[in-house]
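K.L.:
Take this structure, written in structure tokens, and hold onto it; I'll ask about it next.
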């Protein structure tokens, strides 16, 4: 089940497709299930579950998928900071248009690690911090310098935040730091943010959940997984590195949720995945 799709001729022309990750690779070809677009596992490169969870969530956001698979990113690419973005585009292409059940994000990690060596140390990192680094690198490579420095990243993810903190109760037990384990109930659909949105931006005040990053463990370590809703099948999938499985909607709400990705409009199937898939 190795992909034979040719890669563009540049520094990232070599990609690692791992056929051995397929759980049913030993079955006859006629008995294997067809590979679903955007339902692809990622190899753990040594404590990189935090990265895999974030990449799965980003690769489930249809407008972002369509932007990269259509090649629109190429015209906006800043040549002096293109390595991370190019590697991200190729990884997303393999996850959506490849025919393997899992791929390796090694080249993407190498490109990002050349800028932030901490990600190459094979130690557990915080998924939210990793997300910020990735979004920042993508924005810097794709922003319109002569205009208002907007990009696909600012259009999809940027917002202005105003908040206040009220400390109700806390307890210090020596030097022990404890992870909060409060069970937060979050809706899968129709999250109404009307009270928190500036009136001029209330055109789409209700949001639908599209991805979740889960964390198991404590502050010093643990394991990350992701739940993502696929825009093609409209089903939820659990991504645990190379292990991928469909899950019911009722399983998405858990106490291990760490990051929630909401969209103000339902995602449609990326048009370019259908067109490119027919040509690949």
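Throughout, read-outs are computed from the coordinates displayed, never taken from laboratory work. Quick caveat, the model's predicted, so the values are computed rather than measured. Note that each Cβ is placed from the backbone with ideal geometry, even for glycine, and that neighbours are counted across all protein chains shown.
K.L.:
Among 224, 207, what is the fewest-to-most ranking by other Cβ atoms within 10 Å?
P.N.:
Placing the least packed residue first, the sequence is 207, 224.
K.L.:
Give me the Debye-computed log₁₀ of I(q)/I(0) at q = 0.16, 0.20 Å⁻¹ for the stretch 53-99, equal point scatterers on Cα only, no solvent, two decimals.
P.N.:
-0.41, -0.64
K.L.:
Report the extension gain between residue 193 and residue 106 in nm, rounded to one decimal, defined as 0.36 nm multiplied by the number of residues separating them, less their alpha carbon distance.
P.N.:
That pair, residue 193 and residue 106, stretches by 27.5 nm at full extension.
K.L.:
Sticking with this one: Distance between Cα centroids, the stretch 83-157 to the stretch 186-251: provide it in whole Å.
P.N.:
If you average the Cα positions of each part, the centres end up 20 Å apart.
K.L.:
Arranged by the count of other C-beta atoms within 10 angstrom, fewest first, what order do 123, 75, 48, 233 take?
P.N.:
Ascending number of Cβ neighbours within 10 Å: 75, 123, 233, 48.
K.L.:
Got a sec? How would 178, 185 order by Cβ neighbour count within 10 Å, fewest to most?
P.N.:
So the ranking, lowest neighbour count to highest, is 185, 178.
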